Amino acid sequence: MDRAILLSPTLISGRGTPELVKNATVYLGDEFCIHKQPSFRDFAAVRKLSGRNPVLLGTLLTEPAFDRWALLLAECAKKAPGAEVVVNDVGLLRFIDGNYRGRFKLALGRLMTYFFDTKHTRLPGCTRPLLWTGEASAPAARKADLEAEEKSRKSWEDGLDLTPIAYIREFLKRYAIERVETDSEYLFKKYSDGTDMKISYYYPLRLMAMTRFCPFVGGIVQKCKAPCGTSLVRLETRQLDYRLFSKGNAYFAKNKLFKHPRLDRLVVMPLAKSPGFNPLPNKYSSPDRPRA
Amino acid sequence: MKITIGIKSLAEADYFLRRGADEIYFGPAVPSHRASFSKERELIATIELAGKLRKKSLLALNEIYSEEHHAFLLDHARSLIASGLDGIVVRDVALLEHFNKHKLRTNFTSSIMCSCFNSHSMDFYRDLGVRRFTLHSQVMPEDAARMVARAETIMFVPCLFLEENIVPFCFFTYPGGPGASKLKVRPCKIGFKCGGRDFRMLESNLYFQAGLLYDFHKLGVKWLKIPRQLNTRKLITEFEITRFLNVLLQRGLDRNAFINAVAELITRTDLNKYGSSYLIKPDADLRARHA
């Protein structure tokens, strides 16, 4: 099984980096932050450091971030054809397919696999619209109707949020995707049972949420020097039954590792436990409170 | 700008369409969303009402559906289009392809759940027949010029709806759900301790939100969107605020004056007094609808 390590471009020249990337496949970039996307210069630096091409890792891309990716892909197509790209944006997937089909090895990143199978966040029964329909909630409509409606609701609700695997297989073929990635055991099983894809699994954290309102810089900024680094901050509350962590502009819970013959690559996030930081609430670069 | 509003009954449709909404959208007549119809005849009456008032009506199919439901949704959409429905809000690429395969022709609008952050993502959906796009609430005006130039766009009113986290990649369950048995509100609203300090997931301030609205208006976004919700009183207030802000935008206030006006209005209105958008308030006042 291949072992991969996530590396933000801002950490390439870090003191511990040569040791970190030793014998590992390097995932260069970030799945959540547009400010930690790689350039060709970063690509070349990692290649020099590790002796092999890093895997390029992207996120949902804003227009300026997309333009930078377009430049990166143009250079890589010439100077590093066959490099692996983990795509987390449908626009980037379409762009590569239209301009560089066959020039890169494509992996569907964990945002993309969640894009097809969004986690259930609704409560059981919350989709029942009874209170809003005069007829359905009228006394005459009661028992038998309610039972039938409950059954239909459950069947409906259970089927939501899951893209049919037959469609996904066709999608993967259409875009010549060779690998899929996830941090969900459920999705791992879906792809291992339903496709012949190579599968990567992310450990030790699973995604709970991502945002552009980054607590490290106090909001949405146009430029950032990534002060978050590899800092992992524990967020304590008695209201959640699991531990929640903040890393950069994403929130995570602990993930479980498991053994499976189809587990082809383990993608590890390097973490430095941090005692915490002083969040900068509502301090935006633009637009903000107007001057008097 | 024009106003599109999510509704859940014929009475609401009547109320908002007669008070200046240009378009209504709603869930299908099956249990799919709490704020949805469940009887097809009420839904059809709503579509007919919109047609009669020369306004638009959209069906929101902004979930991911199982394959067994594709045929039902296709039939359902066809029957509503035959009754005068003007378009469908979509998110599910498999469903869109099913519609295309069966030559369902209507105006497709992308949901915020499509998470289009760039014009290339819009092209992905354009290939599938989408012609109108809901901008993600975490796309900023400075990044959106190309997106707005490429197609007709819709935005949520930022001071009424601006999620802290990016949908559909926020996986916190609702209070009472798995892992959240002691939770009273969504995790994005609770206080945490972080290394001894207080921590909250960041949200934006009113000045920021008002600035977004102003800048997107200047950029050429055509539609303001008010999301569906169970809490009808809150929905009515959000509609009134949206109408008022729209008037301010059309009057051509300068940016600072507009931002200050929005901040004052929202602070005075105090939407917290209506409770959560997820609260059921069936006694909400729609009495004046024929006024």
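For A:Thr25, the residues 5 or more places off, or on other chains, whose built amide H falls under 5 Å of its own are A:Arg3, A:Ala4, A:Ile5. By the gyration tensor of its Cα atoms, with a ≥ b ≥ c the square roots of the eigenvalues, what is the shape of chain B: rounded for a/c under 1.5, prolate for a/b over b/c, or oblate? It comes out rounded by the Cα gyration axes.
Shown in residue order for the range B:91-103 are the 3J(HN,Hα) couplings computed by the Karplus curve 6.51 cos²θ - 1.76 cosθ + 1.60 at θ = phi - 60°: 9, 7, 5, 5, 5, 4, 5, 5, 4, 5, 4, 9, 6 Hz (x for Gly and Pro).
Averaged across the residues of B:136-148, what count of C-beta atoms belonging to other chains lies within 10 Å of each residue's C-beta?
Taking the mean over all residues of the peptide, I get 4.
What is the average number of partner chain Cβ atoms found within 10 Å of a Cβ in A:107-116? Whole-number average of other-chain Cβ neighbours for A:107-116 is 2. The HN-Hα couplings worked out from phi for the range A:201-213 by the Karplus form 6.51 cos²θ - 1.76 cosθ + 1.60 (θ = phi - 60°) are 10, 9, 8, x, 10, 10, 5, 10, 6, 10, 7, 9, 7 Hz, whole numbers, x standing for Gly and Pro. Stretched out straight at 0.36 nm per residue, the stretch from A:Arg68 to A:Ser13 would grow longer than its current Cα-Cα span by 17.7 nm.
Give the lysines reachable from A:Lys273 as a straight Cα distance under 23 Å; neighbours fewer than 8 places away on the same chain don't count. The qualifying lysines are A:Lys22, A:Lys36, A:Lys225, A:Lys247, A:Lys254, A:Lys256, B:Lys193. Computed extension length for A:Asp241-A:Lys48: 65.0 nm, one decimal, from 0.36 nm per residue of separation with the Cα-Cα distance subtracted.
Partner shielding of B:54-67 amounts to 3, given as the average count of beta-carbon atoms from other chains within 10 Å of each residue beta-carbon.
Cross-link check: pairs A:Lys105/A:Lys189; A:Lys78/A:Lys198; B:Lys103/B:Lys234; A:Lys189/B:Lys8; B:Lys2/B:Lys184 evaluated at a Cα-Cα cut-off of 30 Å; pairs beyond the cut-off: B:Lys103/B:Lys234; A:Lys189/B:Lys8; B:Lys2/B:Lys184. For A:Lys79, the aspartates and glutamates whose Cα comes closer than 14 Å to its Cα, not counting residues fewer than 8 places off in the same chain, are A:Asp42.
To the nearest 20 debye, what is the magnitude of the charge dipole of the protein assembly as shown about its Cα centre, counting +1 on the Cβ of each Lys and Arg and -1 on the Cβ of each Asp and Glu?
For the protein assembly as shown, the charge dipole is close to 1060 debye.
Take every pair of alpha-carbon atoms less than 8 Å apart whose residues are at least six positions apart; their mean separation over the length of chain B yields a relative contact order of 18 percent.
Does anything in the range A:77-94 have its amide N under 14 Å from the 7 Å Cα→Cβ label point of A:Asp2, and if so which residues? Counting backbone N atoms under 14 Å from the label point, the list is A:82-87. Label positions at B:Arg41 and B:Arg197, each projected 7 Å from the Cα along the C-beta direction, are separated by 6.2 nm.
Taking a straight Cα-Cα cut-off under 17 Å and skipping sequence neighbours fewer than 8 places away in the same chain, the aspartates and glutamates within cross-link reach of A:Lys259 are A:Asp2, A:Glu181, A:Asp183, A:Glu185, A:Asp193. Taking the square roots of 5 times each eigenvalue of the Cα gyration tensor of the protein assembly as shown, largest first, gives ellipsoid semi-axes of 39, 28, 24 Å.
Could you tell me which of rounded, prolate or oblate describes the range A:26-124, using a ≥ b ≥ c as the square roots of the eigenvalues of the alpha-carbon gyration tensor, with rounded for a/c under 1.5 and, failing that, prolate when a/b is larger than b/c and oblate otherwise? Verdict is prolate for the range A:26-124.
Computed from the coordinates by the stated procedures, all read-outs in this text should not be read as laboratory data. If you're wondering where the values come from, they're calculated on a predicted model, not measured in any experiment. Because the Cβ atoms are built from the backbone with ideal geometry, glycine has one as well, and the counts that use them run over all protein chains shown.
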